[in-house]
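Please read the structure below before turning to the comments.
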Amino acid sequence: MTCEEVREYLYVFLDNELDAALSIEFQRHLERCGRCASEVEIERTIRRSLAAQFDDVDMPPLPEPAQFLQPFRADCVPRQRSLSFFRLHRRALVLTTLVAMLVFGAVAWLLPRTGAAGPTDLSFADLVVADFRHFLSEDRPVQFASADSAAVGGWLRAKTGLSVSMPPASSEGCRLIGARKCNIAGRTAAFAMNRIGGVPASLVATNAAGLEMSGMARVKLGGRTHWVDRCKGHTVVACRRGDLVYAAVSTLPQEKLLCLMADATYEGH
Amino acid sequence: MSPPAEAFAEFLGPHWMRLHATARQYVTRPEDAHDLVQEVLLRAWRNFAPTDERVYHRAWLLVIMRNVAMEWRRTAQRRIHFAPAGDAELTDIASADPGAPFSALPAMDERRFREFLDDRIAAALDGLEAPFREVLILSVAGGLRYREIAEVLDCPVGTVMSRMARARRELRRRLAEYAWDHLRDKRVRP
């Protein structure tokens, strides 16, 4: 990276918005260029001073919940969305899903008789890859958008009832995007989307009980057994932690996903 | 207290400080900032529906805050600190030369530099053009990411990035000017 590029990316870097790979290049440049390092330090000092301006606010304390709504009029109640467009849309979606499930069930019932592979023949790797591709192809939005792994973990625990914990998103150039609740082969699953060096990588967690991972290769890393597989151009790395199985899926090579899975500071288990 | 009110209070907790800090940048007087926060809370509460599976973020509150501040400004009920420009106006001023050298600051020891900054940074911030000042407010006071700022301002992320770069460069330029004046006034050699 050149000094000119450092000037170009400086503010994006300081705002923690720079792509992980470029951040590493940026830092490497600072290690060998005293002039740029000094400029960055000046900007950091300005930022600290600016932040102090905003922090120095005469702020009333957050009211106790019991008094919270007292200043508001009694008729100010949350809007009821009983028949909003969203709800109507959702009802249509539920109806369509039910019909699809019926059709799917009928097809699943018929397929073994015609010799074709039924959905139960799909391996765990197939399922998580299908879910990953489904997420990307339909550009499904995350239900909870945050780069804070603790916040995402908390949200997923509340949503799925699974004792999920997310690895620190900042490690290995990995950036957490957000999460959504999903379903893997009829099981409730937690789905978190990350970007590793700009490439999407999902991390799915679901209940381990009765989950079959035979067919995947075993790899020992950091004293833990991991299962790895390749499926439709994607890498799958799975690992059991406590009652859950975590699976990372991406087009990235296996080592990158192993780093994501095997983070030493991974909390919770 | 009803469950939605409890959920609403819980949702607000982590955003309380940022909400007030941002309000103080939109309106000039502390009492106006307090009123602005109250109005934001009232509108947010009316639209808060935790049962519909929406996930609420700070950006949502700041969108409301910005809208209220705009309304107040339009109706001239309040003296609002900033005046957002129209998109056409922004097209010209949003283009910054990202590779341009930084404005040079005179050499000062760290303690003097910090004292100087504390004295002059508010003035430098106030001197920024409205669209640039606003991205800084939303980033530093509001604690928003670029993507969230784009959501609040209803503009592309690229626009946020270019405004942010321009804002910080302009801030730096103003501080450099103040710093040289400051040293000249005090007859202190850099």
Practice prompt. Just the number, please: buried accessible area between A and B, total of both chains, 1.4 angstrom probe, nearest 100 square angstrom.
Written response: 4800
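Can you count the Lys pairs in the range A:153-264 whose Cα atoms are under 24 Å apart, with each pair 8 or more apart or on different chains? Intermediate results must be reported in sequence, preceding the final value.
Working: A:159/A:181; A:181/A:232; A:220/A:232; A:220/A:256; A:232/A:256.
Count of close lysine pairs: 5.
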Response to the item:
Across A:40-50, the residue-averaged tally of Cβ atoms belonging to other chains within 10 Å stands at 5
Worksheet item: Leaving out ligands, DNA and RNA but keeping every protein chain, what accessible area does residue B:126 have, in Å² rounded to the nearest 10, with a 1.4 Å probe?
Response: 80
Discussion item. Taking 0.36 nm per residue of sequence separation and subtracting the Cα-Cα distance, how much length would be gained by fully extending the chain between residue A:52 and residue A:209, in nm to one decimal?
Written reply: 51.4 nm
Discussion item. Within 10 Å of each candidate Cβ there may be at most 15 other Cβ atoms; applying that plus a DSSP loop requirement, which trypsin sites (Lys or Arg not before Pro) in the range A:177-269 survive?
Written reply: A:232
Discussion item. At a cut-off of 30 Å², which residues of the range B:105-154 become less accessible once all protein chains are present than in their chain alone, using a 1.4 Å probe?
Written reply: B:113, B:114, B:117, B:118, B:121, B:125, B:140, B:145, B:146, B:147
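Mind listing which GluC sites (Glu not before Pro) in the range B:126-180 are in a DSSP loop and have 13 or fewer other Cβ atoms within 10 Å? Write out the running numbers ahead of the final one.
Working: sites: B:129, B:134, B:148, B:151, B:170, B:177; in loops: B:129.
Passing sites in the range B:126-180 do not exist.
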Worksheet item: Can you list residues whose amide H is under 5 Å from residue A:194's amide H, if they're 5+ apart or on another chain and H is modeled 1.01 Å from N?
Response: A:177, A:201, A:202, A:203
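The values are calculated or read from the model by the stated rules, or taken from the named source; none is laboratory data. Because the structure is a prediction, the values reported are computed rather than measured. So basically every Cβ, Gly included, is an ideal-geometry build from the backbone, and we count neighbours across all protein chains shown. What goes into the accessible areas is simple: the full protein's heavy atoms, side chains included, and nothing from ligands, DNA or RNA. Shrake-Rupley method; radii C 1.70, N 1.55, O 1.52, S 1.80 Å.
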